[in-house]
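Just below is one structure, and these are the notes that go with it.
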Amino acid sequence: MRVAQIFKDYYPPTMGGIEQHMNVLCNRLAGDADVTVLVPSRSRRTRRDDGDGVRILRVAEFGRYASVPLCPTMPAGLRRLRPDIVHLHFPNPMGDLAYLASGCRAPLVITYHADIVRQRGLLRPYLPVLRAMFNRADRIIVASGEYMASSPFLRCYHGKCTVIPYGVDLNELALRDGETAAADAVRGGLGSPIVLFVGVLRYYKGLDVLLRAMAKVPHARLVIAGRGRERTGLEALAARLGISGRVTFAGEVPGVRRRVLLHAADVFVLPSIDRSEAFGIAQLEAMACGTPVVSSDLPTGIRLANRDGETGVLVPPGDPDALAGALNRLLDDPALRARLGRAAKARVEALFTAERMAADTLRVYREVLQTARESSPSGGVH
């Protein structure tokens with residue numbers, strides 16, 4: 001089974017949540033399928049990379065407009081791959097156009113990661129393309145039933161939707177030899193209980209709300225791990241609030257450093273403010289490390305992962321007082337943190353593993369291929 005996965009970036013090097021999700025998914029699928037990732041190259045050169053059994057075709061890119069890559073050769077690249085399954089990750093206008101322009105008639109699976117929220121003004125002229133894509137899709141994967149039910153765009157496509165929650169690689173999140181000491185050293189070096197955020201610094205992450213909350217959490221240190229355009233404004237806000245001395249902007253923390261921080265933290269926080277945060281994969285990673293989570297109570301997959309009072313605490317989005325109250329409650333109660341952390345780890349191990357996600361995705365591929373064969377006079381799928 002030849003599978004083409006399409007998005008606008010891939011990890012490595014891009015550290016976004018969708019990119020890392022694709023990396024975990026494709027590496028797991030590679031044991032049962034021939035997987036090629038088709039993405040822009042962020043340069044005017046086309047190149048091929050291989051890693052962990054996954055081929056990566058990075059096609060020439062001629063800049064980006066409103067974060068959309070311009071890749072005129074992507075349709076031809078997809079056509080040459082001759083996939084049995086095309087798996088598009090949405091939102092990704094260039095990928096949509098590439099599929100439609102390629103002439104490829106392989107069954108189409110779309111993973112719907114999030115509604116378009118901030119760039120809604122650009123959505124109107126693009127709607128005909130989106131409708132064409134989603135009408136053609138054989139299956140739409142969503143990470144939670146709640147997100148599907150509350151998405152205005154998906155309202156017309158519930159019959160095509162299958163819920164497959166995100167999964168994380170438990171082996172990659174387990175501490176290696178010597179890393180327990182490294183986590184202890186992080187705690188000792190910071191000298192205070194650690195509140196940790198990991199993610200790209202984007203507007204919808206609610207980091208301004210988190211900083212205002214931290215002004216009311218006097219005996220803890222906040223570590224913000226990630227990079228993005230919001231950093232300068234956030235640093236200025238921390239200075240105005242008088243908490244710069246208790247806030248560490250750690251930048252991007254891949255690999256070992258990320259894993260160590262997740263284990264060193266006393267509480268992980270996901271303070272997102274709107275439904276652009278469709279799930280919060282980083283909270284799954286923290287939970288897998290036995291770290292309790294405080295996250296925003298949004299009508300998305302956040303509620304599916306983090307159960308209020310069971311694995312962590314849910315708070316109203318955009319409310320710094322409620323967020324501060326939840327953080328103080330957990331930081332002041334080690335026994336509560338330990339209980340929630342154990343339950344968080346058990347929940348991930350039961351429901352949100354990479355193996356389970358890949359197995360469910362393979363089942364979808366086989367179902368759509370079988371349907372395509374039964375409906376094709378020649379028995380083929382191209």
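The values are calculated or read from the model by the stated rules, or taken from the named source; none is laboratory data. The structure displayed is predicted, hence computed values, not measured ones. Cβ atoms come from the backbone with ideal geometry, glycine included; neighbour counts cover every protein chain shown. Calculation scope for accessible area: heavy atoms of the full protein, side chains included, ligands and nucleic acids excluded. Shrake-Rupley method; radii C 1.70, N 1.55, O 1.52, S 1.80 Å.
With r defined as the distance between the Cβ atoms of V256 and D49 and R0 fixed at 22 Å, what FRET efficiency is calculated, to the nearest 0.05?
Working: r = 22 Å, r/R0 = 1.01.
Here the calculated transfer efficiency is 0.50.
FRET efficiency for N171 and R240, Cβ-Cβ distance as r, R0 = 45 Å, nearest 0.05?
That pair, N171 with R240, gives E of 0.60.
Keeping every protein chain in place, order V200, V142 by accessible area at 1.4 Å, biggest value first, i.e. largest first. Display every interim value, and only then the final one.
Working: V200 35, V142 0 Å².
Largest accessible area first, the list is V200, V142.
Given a 1.4 Å probe and the protein chains all in place, what does the accessible area of K8 round to, in Å² to the nearest 10?
50 Å²
Among 282-289, 325-332, what's the highest-first ranking by average C-beta atoms within 10 angstrom per residue?
Details: 282-289: 26.6, 325-332: 18.5.
Output ranking for 282-289, 325-332: 282-289, 325-332.
Specify whether the C-alpha gyration tensor of the range 101-177 places it in the rounded, prolate or oblate class, a ≥ b ≥ c being the square roots of the eigenvalues: rounded for a/c under 1.5, otherwise prolate if a/b is larger than b/c and oblate if not. Could the numbers behind the result be given before it?
Details: a/c = 1.98, a/b = 1.69, b/c = 1.17.
It is prolate, given that a/c is not under 1.5 and a/b is the larger ratio.
Output needed: percent of Cα pairs per 10 Å distance bin for the chain, bins running from 0 to the one holding the longest distance.
5, 23, 32, 24, 12, 3, 0, 0
If you find the alpha carbon centre of the range 163-219 and of the range 288-310, how far apart are they in angstrom?
14 Å
Dipole magnitude of the chain about its Cα centre, charges +1 at Lys/Arg Cβ and -1 at Asp/Glu Cβ only, in debye to the nearest 20?
Details: 51 positive and 38 negative charges, 226 e Å.
The calculated dipole for the chain is roughly 1080 debye.
Within the range 273-291, whose backbone N sits under 20 Å from a point 7 Å along Cα→Cβ of F153?
What the label zone holds, given the 20 Å backbone N cut-off, is 273-281.
Work out the count of Lys pairs in the chain where the Cα-Cα distance is under 30 Å, with the pair 8 or more places apart or on different chains.
Working: K8/K160; K8/K205; K160/K205; K205/K216; K205/K345; K216/K345.
Within the chain, the lysine pair count is 6.
Arrange the peptides 304-310, 130-136, 260-266 so that the one whose residues have, on average, the most other Cβ atoms within 10 Å appears first.
Details: 304-310: 18.6, 130-136: 14.6, 260-266: 22.7.
Sorting 304-310, 130-136, 260-266 by mean packing, highest first, produces 260-266, 304-310, 130-136.
In whole Å, what are the Cα extents of the range 195-331 along the three principal axes, biggest one first?
Computed over the range 195-331, the largest-to-smallest principal extents equal 35, 33, 28 Å.
After finding the eigenvalues of the alpha carbon gyration tensor for the range 258-369, what semi-axes result from the square roots of 5 times each, listed largest first in whole Å?
Working: eigenvalues 144, 58, 23 Å².
One finds semi-axes of 27, 17, 11 Å for the range 258-369.
Could you work out the relative contact order of the range 1-96, using alpha carbon pairs under 8 angstrom and six or more residues apart, expressed as a whole percent? It would help to have the intermediate numbers written out before the result.
On the way: 180 pairs, mean separation 32.1, N = 96.
Relative CO of the range 1-96 lands at 33 percent.
Quick check: at a probe of 1.4 Å, how many percent of the accessible area of the chain sits on carbon and sulfur atoms? Walk me through the numbers before you get to the answer.
Details: 8160 of 15980 Å².
With neighbouring chains kept in place, the figure for the chain is 51 percent.
From the helices alone, meaning DSSP H stretches of at least four residues, give me the mean residue ellipticity at 222 nm for the chain, per-run term -39500 (n - 2.57), in deg cm²/dmol to the nearest 500. Could you put the intermediate results ahead of the total?
Values: 15 runs with 160 residues, N = 382.
Computed mean residue ellipticity for the chain: -12500 deg cm²/dmol.
On C-alpha positions alone, give me the angle between the axis of helix 93-102 and the longest principal axis of the chain, in degrees, nearest 10.
20 degrees
Return the FRET efficiency for the residue pair A181, S376: r is the Cβ-Cβ distance, R0 is 51 Å, and the value is rounded to the nearest 0.05.
Working: r = 59 Å, r/R0 = 1.16.
That gives a FRET efficiency of 0.30.
Tilt of helix 179-190 relative to the longest C-alpha principal axis of the chain, in degrees (0 to 90, nearest 10)?
Between the helix axis and the principal axis of the chain, the angle is about 50 degrees.
Quote the relative contact order of the chain in percent (integer), defining contacts as alpha-carbon pairs under 8 Å separated by 6+ residues.
On the way: 734 pairs, mean separation 57.8, N = 382.
Across the chain, relative contact order equals 15 percent.
Whole number in Å², please: accessible area per residue of the chain, 1.4 Å probe, ligands, DNA and RNA not counted. Before the final figure, lay out each step's value.
Working: 15980 Å² over 382 residues.
Per residue, the chain has 42 Å² of solvent-accessible surface.
On C-alpha positions alone, give me the angle between the axis of helix 17-29 and the longest principal axis of the chain, in degrees, nearest 10.
60 degrees
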